[in-house]
Each structure stands twice: as C-alpha cells, then as structure tokens.
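Report on one structure; see the data block that follows.
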Amino acid sequence: MAAYSIWVMEYAHVLEQPTSLFIYGAHNQGHRKMPYGYIVVKGGGRTSMIDVGYNHAAYGAVLAASYGVNTWQPPRVVLAECGVTPEEVSNVFITHAHFDHMGNLEEFPNATVFIQERELSKWVWSMSLERRFRWLMLGIDPADILRTVDLARQGRLVCVDGDRENVVPGIDLHAAFDTHTWGSMYVTVRNDLVANSSDAWVFAGDLVYAQENMRGTDPADPQYIPVGLATGSQFSLIMTTEEMIERAGGDLRRVIPVHEERLKDLFPSRITKTGLRITELALADGEASRVR
Ligand SMILES: [Zn+2]
C-alpha cells in the first residue's frame, strides 16, 4: 500500500562532468554524465516537488553554459511526462539554493516553498561579502535568492529551522547544516505513512551525487567518500550520509542522488521524446505507470 507515486524527472544534463566533482579526490578518473533533475511526489490529492531546477534565461542560462548543460526543458514539458502541471504543485521542498535546484520557483505559482532558514540567510550574508570571497557563491544565482525572499512577502515561504516531521503526511524534512551548503536539507518520504517505516525513501539533494559517495569504489571494502563540492565540511557530509542510509533502513538504493545517471540500473525508466529520462520509484495505489 503506497501512499505516493514518486518520479525522478531529468530536465537537463551535462554530458561530460569531471568525476572529481562527484567523488572527492577522484582526479584523472575521466568524466561521466550528470543528469539535472527534480522529484515529483503525488498522492492523497496533493502534488509535492523536491527542488525545481533552473530557468534557462538570464543568469541561469549563463551559469548553465559555464557548466556545459544541454537539453534543458521547462517544467511544463518535463512534468507532462508524469501527468502533472506546474499549477497543481502545492508544496516545494528546496534541498539547497544552488541554481540547478532552486532556480525556477516562478514556474510554480501555487506552491508553498519550504527551505531551511539558515540556507537563505547565509546566502544573503555570502552575497554581502567582498569580491575575494566569491568562491563561496559558486553555483548560486543571486536573483534566485531575491525571488525566494520575495515569496515570504507573498505569504508562500516557510523557513524551517532544523527537522520537521509530517509537513505533508509521511514527508519529513531533515537539516544537514554546513555540509554541501550552509543549510542543506534532505527529505524523507515514508510511503506507508507510519513512523518506523519499512518503505522509506530519502531524497538527498546534493549531499551525495553518486553511489560511490555511499559505498566507495572497492566493493570488497566499502567506505563513505564525500562529494567534491562542500561549502561546509566533509566531516558533516560523511556523518549525514550515515544518517540518511539509516533512515532508508540501511538500503543504499533508497537514498536517491538526483545527479546519479545509474538510477536507471536500479529502477524502471524511459527516455522521453526530448531525450530526458523519467524514472519511476513508486506508484500509489490506483496510479498507472508512466514508464511502461
Ligand atoms: Zn548543489
């Protein structure tokens, strides 16, 4: 009995991303494809999203070009593949403010947006620093920060401080401060809606990019290896990785890195006519598959 249908929707990708971004210290290990995506969680009369992608316009397009992003499609096109419109999205959970996760909130006019207060306030602080600190702003579009602050003025922003359970039935927010970013968070979906769920999914944002962050590169001797980009600390990333895997009942496959192309080896998926992948993690009772 699953409460929610859950899809990972690729909306763009980078064909050749250096492996050292995915895995700390993995220099001279070539490149791999990096999908950009967001998550749709639909059921019980509600549609929620985890992250919203970026808008391929203005500085968003400049940042995307600098990272070699291809094949961008707007949410209306991407979400149609799972039968959802941007207007019906009622809740958005932002894992962190990097442009490819928080850069398209204007496309979701009816959504209430949840973000950690620390994520927003520390980026505002970072924006105020002198130019020599600009490395801290890597991957941030200042206009996204301003648009998010404006949502507070519109009564559509919820600033969370730490963990919060059941923001929507079965969906919990978990703070991961000073990790990939100042106030990253990850999201769990307990798809049986019970407290000690045996059907829990963990949506990791960029706390892990790839399976190797959770199991290392030697199957005989697993270890945690952090991602290659942290505004906070690698220690905090590693301890958060342990916590996420515990919340997924010890099953690494249920910790979902949105930038991991190899989700296709674990779950049913298909390529859409725009060349992007839709991956189906769960189907609510009565919901038809969108990949078969
Ligand atoms: Zn990020």
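Taking the criterion of being part of a loop (DSSP other than H, G, I, E, B) and away from the ligand (no atom under 16 Å from the Cβ), the residues of segment 98-115 that qualify are F108, P109, N110, A111. Here is the figure for segment 177-192: residues that are within 13 Å of the chain's Cα centre (by Cα) and not β-branched (V, I, T) total 4. The residues listed here are T279, T241, T274; of these, the one that is more than 21 Å from L79 (Cβ to Cβ) and either not aliphatic (A, V, I, L, M) or not in a loop (DSSP other than H, G, I, E, B) (or both) is T241. Tell me, yes or no, whether segment 42-58 has at least one residue that is farther than 26 Å from R270 by Cβ, touching a residue at least 40 places away in the same chain (Cβ under 8 Å) and open to solvent by less than 10 Å² (accessible area, probe 1.4 Å). Scanning segment 42-58, I find no residue that is farther than 26 Å from R270 by Cβ, touching a residue at least 40 places away in the same chain (Cβ under 8 Å) and open to solvent by less than 10 Å² (accessible area, probe 1.4 Å), so the answer is no. Across segment 121-136, the number of residues qualifying as out of contact with any helix residue (DSSP H, G or I) (no Cβ under 8 Å at 6 or more places or on another chain) and more than 16 Å from the ligand (Cβ to nearest atom) comes to 7. Pull up segment 53-87, narrow it to residues that are out of contact with any Phe, Trp or Tyr (no Cβ under 7 Å at 6 or more places or on another chain) and of a type in the set (F, W, Y), then point me to the one that is nearest to D206 (Cα to Cα). So the residue we want is Y67. Taking the conditions (1) in contact with a helix residue (DSSP H, G or I) (Cβ under 8 Å, 6 or more places away or on another chain); (2) within 16 Å of the ligand (Cβ to nearest atom); (3) at pLDDT 95 or above in turn, G232 satisfies each one other than (1). Filtered by the rule that a residue be modelled with pLDDT under 95 and either under 14 Å from L105 (Cα atoms) or in contact with a Ser or Thr (Cβ under 9 Å, 6 or more places away or on another chain) (or both), segment 70-89 gives a lone residue, T71.
Does R118 satisfy the condition of being more than 20 Å from the chain's Cα centre (by Cα) and either within 16 Å of the ligand (Cβ to nearest atom) or not hydroxyl-bearing (S, T, Y) (or both)?
Details: more than 20 Å from the chain's Cα centre (by Cα): no; either within 16 Å of the ligand (Cβ to nearest atom) or not hydroxyl-bearing (S, T, Y) (or both): yes.
Here the answer is no, as R118 does not meet what is asked.
Answer yes or no as to whether G37 is modelled with pLDDT of 95 or more and farther than 25 Å from A143 by Cα. Quick ask: steps written out before the conclusion?
Details: modelled with pLDDT of 95 or more: yes; farther than 25 Å from A143 by Cα: no.
It is false that G37 is modelled with pLDDT of 95 or more and farther than 25 Å from A143 by Cα.
Exactly one residue among T95, T85 is surrounded by 19 or more Cβ atoms within 10 Å (Cβ to Cβ), hydroxyl-bearing (S, T, Y) and either without any contact (Cβ under 8 Å) to a residue 24 or more places away in the chain or within 16 Å of the ligand (Cβ to nearest atom) (or both), and that residue is T95.
Restricting attention to segment 195-229, and to residues there that are more than 16 Å from the ligand (Cβ to nearest atom) and of a type in the set (G, A, S), which single residue is surrounded by the fewest Cβ atoms within 10 Å (Cβ to Cβ)? Out of the qualifying residues, it is A220.
Considering only segment 207-236, state which residues are touching a strand residue (DSSP E or B) at 6+ places or on another chain (Cβ under 8 Å) and part of a helix (DSSP H, G or I). Correct list: M214, S236.
The values are calculated or read from the model by the stated rules, or taken from the named source; none is laboratory data. Here the structure is a predicted model, which is why all the values come from computation and not from measurement. Positions of Cβ are generated from backbone atoms using ideal geometry, with glycine treated the same way; all protein chains shown enter the neighbour counts. All accessible areas refer to the heavy atoms of the entire protein, side chains included, with ligands and DNA or RNA removed. Shrake-Rupley method; radii C 1.70, N 1.55, O 1.52, S 1.80 Å.
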